[in-house]
Every structure is written in structure tokens, then in C-alpha cells.
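Structure first, commentary second.
Throughout, read-outs are computed from the coordinates displayed, never taken from laboratory work. Here the structure is a predicted model, which means the values were calculated and not measured. Counting neighbours? That spans all protein chains shown, and the Cβs are built from the backbone with ideal geometry, glycine included.
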């Protein structure tokens, strides 16, 4: 492949916490954990760890992929070279939010927004806009990496 | 008074903390709890700790300062000890283990690499390259076709997506591996097909950054590689 939208997207090494979103899960989830200390209960911490959600092989996933394929504009796709600037633009625009279609991406967007605005409120799962597709996917009960399941899922 | 704990260091660390703010709405001063062979950086625990920008930034700013001036073990966000005695007890009990980690992390930094792929572009490729997928896609568009056909289509596509993501992730990790001391790979998620942290010798930081940049340029269209670092070694503490 010679087209390199990815190349331009590699950012310069970040300094300070300017790119907090991209290192969020490191700060929340990767540092040293000391059992003798108490972890303050934090509203939204499981939502913020949305990145841990693993893609699951389920009927729901299959149907979503089928639907997504059906929606592709195949005529436009066959003229692929003309479409590239569009793809590049979208990739670039994706920026910090990426092209996440994850079940909880709405929450992450709300969370990111809160980070960007520097608001100090905690993130309430109820305050984010939800799309039908996401609601459906959120109910998927199957998940690998079960140690990272959110409390919501554990209740199921 | 309970204490918010940021990091563990050796007493030889400069521990220059005076102009840093701790977590909380009205942060208390950062200070050092000294154990026999190790120290902990703490502040009074606020009542209003939250995972919004203010506290996350304060937590990371402390980690970055400590890391830029010495070696430290960054704690995960949100840990609180009952009092100084509880902190000293932990420093004592874990002394050997923590000292070993500190030694291993000395003069090394973390880089985190995340890969994102434009889903539509990927699906487009799969449809174009697989005759069976193309056939099923035609048969099921605009609500036509059977449930079984849609399921078969989705399953074929899901397998293709997974194997392509795995191949890309393997390519990325293999390309960077020669430059790293250790790696910590997260399983692929819905958001990132690869999410890998690498522990890199400080002196190889530039080479690693350059290699990541070159790698990003070689990746197919629609694939974005995001590099963050050098960072305190969150993933290797």
C-alpha cells in the first residue's frame, strides 16, 4: 500500500497530560495496585475503562456486521481512488475519539467531552445520548476478559 | 487523616514537589512518607475525588514530575491509605518487591501504541476481496434475503475483520519489538485493534518514536497509529 493516511496521524510524542484521553486507561488501570489501600469508589470508572471491552463473537455482532456491509455504498467503493481523500479526512477527524463503534462509545464521548471542557463533575452514565444500536449491543452478555467486566454486566 | 497515595520512590529521589498540586478541589500539599528503605508521595485525601480532568491531570502531573527527575512506581489512580502508619507498613512489607521493580524501571520509559481502523473502509475491502461476502451482501441488501444469509454474511465478515486486525497488530508489535525491553499487550477491543505498551530504554526513545512513525507510514489506508510517550511506566509498575 502506498497511501499513508496513518503516517500523518502519528502524533509527536506527547508532553504533559495534553493527551489525557489516549492515556486514560493507563492512569486508571495500569499503575501499581496496593491491596492494603482502599480504592476510592468512583462513579464512571468502569465506563471510562470501556477500552477493555473485547470484541465478542455473537449473533448480535454478526448481524451488526451484516447490516454495516449492507449499508456500504458499493458504487462509491468501486471508485476507490476518488474516495481516498474522504477516508483520510474521516480518519483524521476521528482524532481522539477514533472510529469507535463500541457499545459504550457514547459514554466515552461524554467522558472525553467532560475532560475537554475541564468540567469537574463525575460522569453519570445516564447523561449521555444513546443510539439504538449501542443500547442493543450493551446488553451483550458474553465477554472475554471477565475480570474487567463492569458492575452493570456483573448484575446480569 | 486518610492519605491519597501517588507513587513509591527511593529516598535518593530528589522529590521536588513544592510547586505541584495534589488531587481534589482544594488540594493539600504533597508530602513524603518515609519508610525504612523507600518513600511514598502522598497528599491528604480529598472528599471530592472524581475521575474528571482536574484530578486525573493532577495525578498524572505528579507522576510525570517524579518520573522526569528519577525513578518511581506510579500507583493507579484513586488509592487511599488510612494514615501514615498504613503507608509505612506497605512500604515495609513490599520493600524487596518494590525495590526490584524500581531497579528494573530505572532509565526506562513507557510508550503506548494504539491502532484504530476505519471500519467502513475495512468492510469495503472485505466485500471487494471476498466473492462469497459480495454475493451474500448483494442478496441481503435492502431487507432482502433470509436471516441465515445475513448471519452467514456477518459471520464471514467478523472472521475477516478479526484475522485482518490480528495480522495488523502482529505486524506492528513485531516491528517495534526489537527496540523494547518489555511489552504489555491489551487484548484487541472494539475501539483499538492493537493497544500495546512498551517499556523502552530512555536512550532508545527517539529510535522508538522514529520507528513508530515509519511504521505508521507503511500501514494500509484507513489505519491510524497513535503513539503516546515517553510516559511514566504505568503499565510496568
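Listing for the model above:
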item: At R0 = 56 Å, FRET efficiency that the Cβ-Cβ distance of residue B:146 and residue B:16 yields, to 0.05; result: 0.25
item: Cα point-scatterer Debye curve for the stretch B:21-74, base-10 log of I(q)/I(0) at q = 0.13, 0.21, 0.26 Å⁻¹; result: -0.33, -0.80, -1.08
item: Euclidean distance of C-alpha centroids, the stretch B:171-237 and the stretch B:26-81, integer Å; result: 26 Å
item: B:142, B:210, B:224, B:152 arranged by Cβ crowding within 10 Å, fewest neighbours leading; result: B:142, B:210, B:152, B:224
item: Average beta carbon contacts from partner chains per residue of B:108-116, 10 Å cutoff; result: 3
item: Max mean-square fluctuation residue, GNM over chain B, Cα-Cα springs under 10 Å, options B:113, B:127, B:42; result: B:127
item: Chain B: angle of helix B:131-140 to the longest principal axis, Cα-based, in degrees nearest 10; result: 80 degrees
item: Solvent-free Debye scattering, log10 I(q)/I(0), computed from the Cα coordinates of the stretch B:3-106 at q = 0.11, 0.23 Å⁻¹; result: -0.29, -1.27
item: Helix B:53-69 axis, angle to chain B major axis (alpha carbon atoms, nearest 10°); result: 70 degrees
item: Sorted by Cβ neighbour density within 10 Å, fewest at the top, the residues B:128, B:135, B:148, B:64; result: B:148, B:135, B:128, B:64
item: Residue order, fewest to most surrounding Cβ atoms within 10 angstrom, among B:54, B:164; result: B:164, B:54
item: Tilt relative to chain B, helix B:147-176 - C-alpha long axis, 0 to 90 degrees, to 10; result: 50 degrees
item: Prolate/oblate/rounded label for the stretch B:155-221 (Cα gyration tensor, a/c 1.5); result: prolate
item: 10 Å Cβ neighbours from other chains, averaged over peptide B:148-157; result: 5
item: Whole-number Å³ per residue for the convex hull built on Cα positions in the stretch B:105-151; result: 130 Å³
item: For the stretch B:109-236: relative contact order, % (alpha-carbon pairs under 8 angstrom, 6 or more apart); result: 46 percent
item: Among B:191-203, A:58-70, the order from most to least packed when residues are scored by Cβ within 10 Å on average; result: B:191-203, A:58-70
item: Fraction of the pair-distance distribution of chain B above 32 Å, Cα-Cα pairs, percent; result: 40 percent
item: Length-normalised contact order of the stretch B:81-167 in % [C-alpha pairs under 8 Å, at least 6 apart]; result: 19 percent
item: MRE, 222 nm, helices only [DSSP H, n ≥ 4, -39500 (n - 2.57), over chain B, to nearest 500]; result: -14000 deg cm²/dmol
item: Taking only Cα atoms of the stretch B:109-236, radius of gyration then Dmax in Å; result: 18.1, 59
item: Whole-number percent relative contact order across chain B, with pairs defined as alpha carbons under 8 Å at least 6 apart; result: 23 percent
